[in-house]
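Working notes for the structure below.
The values are calculated or read from the model by the stated rules, or taken from the named source; none is laboratory data. If you're wondering where the values come from, they're calculated on a predicted model, not measured in any experiment. As a convention, Cβ positions derive from the backbone with ideal geometry for all residues, glycine included, and neighbour counts pool all protein chains shown. All accessible areas refer to the heavy atoms of the entire protein, side chains included, with ligands and DNA or RNA removed. Shrake-Rupley method; radii C 1.70, N 1.55, O 1.52, S 1.80 Å.
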Amino acid sequence: MSGPAGGTGSDILIDRDGPLTRAAVLTGGRLTDLYIDHAERPSLLGHVFLGRVERIATGLDGAFVDLGTGKSGLLSALDARGPKGRPKAKGERIGNLLRTGQTVLVQVKADATGSKGPSLTMDITLPGRFLVHAPLGRDVAVSKRLGSGPERTELARRIQDIAPGAGWIVRAGAATAPDGLLAAESDALHLAWRSIRDAAERGGGPSLLLTGPDAPRRALIEHGAAAPSRIIVDDAALARDLADWCADRAPDLEERVEPFDARLLATPSDGRQRLFDLRDLDAEIETLLGTRVPLSGGGSLVIERTEAMTVVDVNAGERGNPLDVNLEAAAEIARQLRLRNAGGIVVVDFVNMRNRGDAERLLNALSRAVEDDPAQTQVYGLSKLGLVEMTRARRGTALAELLGTVRTAAAED
């Protein structure tokens, strides 16, 4: 092996670096997605708990739930269910749904931030590459990314024939997946739900019933449907673990998992060369902590993150056509939001354009650029001040917070 080369396909590179476990997705040789776990600041995203309602917060229309972790989570009425899992009625308040001391099955939908605990939901979802199991749901929902028409209806019928029971969300990759892979994944997800349900029925104190996918598995779940060319792992034990996971959940990917061996490099180095060194990924990740992102032609983005929102300013540099600058910026903004794991409100100040048609073209380009984002991202349009308003669902801890923890620890040493 001469090292991970570029190309038109995608590679997933996975390594362990001190307290960090990192999975980088390279598409056409370019870093497009990054997943990181911090051993000293573990994420609870996707974890399923049997919790206990500590108190009803009427003013927040929510309930604080003891998870047994030392930090309670907040369950909003919007994410709550009534007795025996019945769906919440429109306008129904939290006091009609839950009571203090009640045990509840909940899932973490957003990690704790600052002094706030994790956000919870009673609508459990178990993600796969092609399907998402929503066991409390009653139907089969097909991804909007698959467009409209009879193909959607046919795909829903196909999944109903393959997957047991109801409560399935069909992801875009399912349209071209073989029935065997869909059946294997649906069986694995259904068995995971049965294990959760059985443990919850046994009751007991607040406890963890299922851990959410770690960084390498999140990368495989979100990008494995397109069958990456290679999954290169810079840790032999982790490579074996991922190969075993693929054998059970993604058999078509098992042979693509390969341990990285620096001794097989065409140009060996004096010391041990790390996988991320070959593509200068460490240097690129370091730039994600900065505020300025260069664009071709001298333009740039300035990305400022605050507690309430992320603000992006587009600078034209020496280029004369505002639309060209803005179209390039739109694609890079979508990429940067994913890599930085930005969540919440995003406000973008693009270069001013006088042509109304150009503004519509820009908004369409930005909407297309965020379509493939694993986190739900919505472009709302131009405000009266000419700013583009967006939202991106919070998923885990922002990159700056994770790597800032590492920097602080290194400085103390």
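At-a-glance table
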read-out	value
Search result, residues across the stretch 170-188 that are touching a Pro at 6+ places or on another chain (Cβ under 8 Å) and open to solvent by less than 20 Å² (accessible area, probe 1.4 Å)	186
Tally, over the stretch 130-158, of residues that are part of a helix (DSSP H, G or I), open to solvent by 30 Å² or more (accessible area, probe 1.4 Å) and out of contact with any helix residue (DSSP H, G or I) (no Cβ under 8 Å at 6 or more places or on another chain)	5
Subset of the stretch 337-357 [within 14 Å of the chain's Cα centre (by Cα) and not in a loop (DSSP other than H, G, I, E, B)]	337, 338, 339, 340, 344
Selection status of residue 243, out of contact with any Gly (no Cβ under 9 Å at 6 or more places or on another chain) and small (Gly, Ala, Ser)	yes
Failed condition for residue 78, given (1) buried (at least 16 other Cβ atoms within 10 Å of the Cβ); (2) among the hydrophobic types (A, V, I, L, M, F, W, C); (3) without any contact (Cβ under 8 Å) to a residue 24 or more places away in the chain	(1)
Yes/no for residue 347 being open to solvent by less than 40 Å² (accessible area, probe 1.4 Å) and farther than 30 Å from residue 218 by Cβ	no
Selection from the stretch 366-395 of residues that are surrounded by fewer than 18 Cβ atoms within 10 Å (Cβ to Cβ) and part of a helix (DSSP H, G or I)	367, 368
Top-ranked residue in the stretch 159-169 [being open to solvent by less than 20 Å² (accessible area, probe 1.4 Å) and either touching a Gly at 6+ places or on another chain (Cβ under 7 Å) or outside any strand (DSSP E or B) (or both); ranked as modelled with the lowest pLDDT]	163
Selection count, the stretch 302-332, where residues are open to solvent by less than 40 Å² (accessible area, probe 1.4 Å), touching a helix residue (DSSP H, G or I) at 6+ places or on another chain (Cβ under 7 Å) and assigned to a helix (DSSP H, G or I)	3
Subset of the stretch 154-174 [farther than 16 Å from residue 124 by Cα and over 21 Å from the mean Cα position of the chain (by Cα)]	154, 155, 156, 157, 158, 159, 160, 161, 162, 163, 164
Residue under evaluation residue 227, criteria (1) open to solvent by 40 Å² or more (accessible area, probe 1.4 Å); (2) in contact with a Gly (Cβ under 9 Å, 6 or more places away or on another chain); (3) farther than 21 Å from residue 38 by Cα, criterion not met	(1)
Subset of the stretch 275-298 that is farther than 22 Å from residue 400 by Cβ and either in contact with an Asp or Glu (Cβ under 6 Å, 6 or more places away or on another chain) or modelled with pLDDT of 90 or more (or both) - its residue that is surrounded by the most Cβ atoms within 10 Å (Cβ to Cβ)	275
Filter result for residue 208 (open to solvent by less than 20 Å² (accessible area, probe 1.4 Å), among the hydrophobic types (A, V, I, L, M, F, W, C) and either in a helix (DSSP H, G or I) or out of contact with any helix residue (DSSP H, G or I) (no Cβ under 8 Å at 6 or more places or on another chain) (or both))	no
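Yes/no per residue for (1) open to solvent by 70 Å² or more (accessible area, probe 1.4 Å); (2) in contact with a Lys or Arg (Cβ under 8 Å, 6 or more places away or on another chain); (3) among the hydroxyl-bearing types (Ser, Thr, Tyr); (4) not in a strand (DSSP E or B):
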{"position": "13", "(1), (2), (3), (4)": "no, yes, no, no"}
{"position": "21", "(1), (2), (3), (4)": "no, no, yes, no"}
{"position": "33", "(1), (2), (3), (4)": "no, yes, no, no"}
{"position": "45", "(1), (2), (3), (4)": "no, yes, no, yes"}
{"position": "55", "(1), (2), (3), (4)": "yes, no, no, no"}
{"position": "74", "(1), (2), (3), (4)": "no, yes, no, no"}
{"position": "100", "(1), (2), (3), (4)": "yes, yes, yes, yes"}
{"position": "109", "(1), (2), (3), (4)": "yes, no, no, no"}
